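Notes follow the structure.
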């Protein structure tokens, strides 16, 4: 009976794995095709007519390298800025009593219920008034502020699970509260910081709607906005689109791989106290 259950489980897992991998293989196959066709007569990632022409064209005949650098700069800046603000805010909410603290946290989290499309107009009006439209600083402010509530909640849950005695021991040894925060709390908060940083990075890396409204100069486009230019009203350059999609996914895969251990630990952050 146990062997039967194991076999059935393996069959089910294999089926769903193939189901999940099929679109990835499909995109790879299209990225190597030269006839700009999105239809595959047979599912073969590499055929006699396949080549790397789309990848070469992507770097030599389009602004993809510029868009890639723009996205890396924006996403990295948003991650560093956002995680810094979230860490300080979450620590303050965790360690210092705040009148109406639970209500404040609920209000903070409720801001996540507003869809980004609903905020596009007020965001654009505010950035235009301050001269930040068509500027990376405007994106930095919007991306950080929209992701900050969720990041604060995540980090607060982690800080709540860290015993206060650790900081008290550091203070007894002569450290200030700020020194205890940097030397004691942050070093043991790696999993929480990894999960939160990844959330911040992926939010900025894949966001399209806000960037499409704020950025008007093609030299400032991030990858999602730049890739949309491959889609025209009469034709779509599927080969370039697919090649770009493969390359865009590489940073995300690398991040998940590098942070895999921290992510596994961070999945249960805040669930156990003491």
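Across the stretch 121-244, the convex hull enclosing all Cα atoms gives 152 Å³ per residue. The angle separating the long axis of helix 2-31 from the principal Cα axis of greatest extent in the chain is about 60 degrees. Sorting 136, 208 from the fewest to the most surrounding beta carbons within 10 angstrom yields 208, 136.
Here the simple spin-label model places points 7 Å from the Cα toward Cβ, and for residue 145 and residue 73 these points are separated by 2.2 nm. Normalised by the number of residues in the chain, the mean separation of alpha-carbon contacts (under 8 Å, six or more apart) gives a relative contact order of 31 percent. Highest GNM mean-square fluctuation among 188, 69, 27, for the chain modelled with Cα contacts below 10 Å: 188. With the simple model of a label 7 Å out from the Cα in the direction of the Cβ, residue 98 to residue 130 spans 2.0 nm. Label positions at residue 245 and residue 1, each projected 7 Å from the Cα along the C-beta direction, are separated by 4.6 nm.
So, R0 is 51 Å and r is the distance between the beta-carbons of residue 219 and residue 9; what FRET efficiency does that work out to, to 0.05? Display every interim value, and only then the final one.
On the way: r = 52 Å, r/R0 = 1.02.
Given R0 = 51 Å and the Cβ-Cβ separation, E is 0.45.
Considering only 256, 159, 130, the mean-square fluctuation computed in a Gaussian network model of the chain, springs between alpha carbons under 10 angstrom, is largest for 130.
Arranged by the count of other C-beta atoms within 10 angstrom, fewest first, what order do 104, 123, 150 take?
Values: 104 12, 123 21, 150 18.
Ascending number of Cβ neighbours within 10 Å: 104, 150, 123.
Estimated purely from DSSP H runs of n ≥ 4, each contributing -39500 (n - 2.57), the mean residue ellipticity at 222 nm for the chain is -22500 deg cm²/dmol once divided by its residues.
Its alpha carbons give the chain an Rg and a Dmax of 23.2, 72 Å. Roughly how tilted is helix 190-206, in degrees to the nearest 10 and between 0 and 90, from the longest Cα axis of the chain? That works out to roughly 40 degrees. So what's the angle, to the nearest 10 degrees on a 0 to 90 scale, between helix 64-95 and the longest Cα principal axis of the chain? It is inclined by approximately 20 degrees. Between 142, 214, 12, the GNM of the chain built on Cα springs shorter than 10 angstrom shows 12 fluctuating the most.
Quick note: the coordinates plus some simple rules give every number you see, no bench work behind them. Quantities reported herein were computed from a predicted structural model and do not represent experimental measurements. Using ideal geometry, Cβ is built from the backbone for each residue, glycine included, and neighbour counts are taken over all protein chains shown.
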